[in-house]
Amino acid sequence: MSEKFVYITYIRTTPEKLWDALTKPEFTRAYWCETWQESTWEAGSPWRIMIPDGRVADSGEVLEIDRPRRLVLSWRNEFTEMKTEGYSRATFDLEPVGESVKLTVTHEMERDGSKFIAAVSNGWPHILASLKSLLETGTALPETARWPAEDHRVSSQ
Amino acid sequence: MSMDAVFKALADPTRRRLLDRLHARNGQTLSELCEHADMTRQAVTKHLAILEEANLVVMQKNGRERLHYLNPIPIGEIAERWIGKFERGRLRALSDLKKNLERDDR
């Protein structure tokens, strides 16, 4: 058995811009809770997500990369007890549809009842909504603007 | 992606129930979704097609199985567009009220 989530969002942009927004620090910092990723972005190269305080949030390896169509990462949490669950697999598929790009994010783990997959499944919708807002309007959503992101639903300003 | 399609898909209690069942357990086959469903396999297939069209359900192949996954993204977009906006207004009204009351205190 395994745990798996599939998210699809349509974003009015180009595959190249969406690819950059998914991988480049100047974009991810804006919509992904101030985090950024470090990698040389080649198949087999290490990959990690950094938290503003300098800690590593998650790490893994680039399993497959085909800019601007497909990115597959192995992905393990590093800063909580969920690290013991081991590696998950995240796949990003980008497909142009009319004036938009269909982005499919699949996150899965060969582990029944994975707490990590449950956690990321709560996080992805907010991150993806903020990414869409950034690319379509130039502004990310306030709820994912800052780390920590434990409470995504900030109800007042 | 049309919001009309999402609202239309959500307007039916049977389809909302299918979403609830995928929320309880993601990645189910058509046969699994037909269990305990008070309708024919054909009817379930039709409802799933409407949910897929609205991007609320995604079908993926896993070997010979075709598994259905809940895609909550369009619901988030509705919440942002149709709920968050009005709630922000309400919160602003409360904060204005607070400011006015505090001004009166002086």
Between residue B:101 and residue B:88, what length comes free when the chain is fully extended (0.36 nm per residue of separation minus the Cα-Cα distance, one decimal in nm)?
2.7 nm
Inverse mean reciprocal Cα-Cα distance (Kirkwood Rh) of the range A:102-150, Å:
12.2 Å
Counting just the Cα atoms, what span does the range A:1-129 cover along each of its three principal axes? Round to the nearest Å and put the largest first.
42, 34, 28
Which loop-located GluC sites (Glu not before Pro) does the range A:49-101 contain, where loop means any DSSP state but H, G, I, E or B and the Cβ has at most 13 other Cβ atoms within 10 Å?
A:99
To make sure I understand the rule: partners must be aspartates and glutamates, Cα under 17 Å from the Cα of residue A:17, and not fewer than 8 residues away in the same chain. Which ones qualify?
A:26, A:66, A:93, A:95, A:99, A:136
If you place +1 on the Cβ of every Lys and Arg, -1 on the Cβ of every Asp and Glu, and leave all else neutral, what size is the dipole of the range A:1-67 about its Cα centre, to the nearest 20 Debye?
240 debye
In nm², the average projected area of the convex hull spanned by the Cα atoms of the protein assembly as shown is 17.5 nm²
Put one equal scatterer on each alpha carbon of chain B, apply the Debye formula with no solvent term, and list log10 I(q)/I(0) at q = 0.10, 0.12, 0.22 1/Å to two decimals.
-0.41, -0.51, -1.13
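All of the numbers you see were taken from the coordinates with simple rules; none came from a lab. As the structure is a prediction and not an experimental result, all values here were calculated from the model. Reconstructed Cβ throughout: ideal geometry from the backbone, glycine too, with neighbour counts over all protein chains shown.
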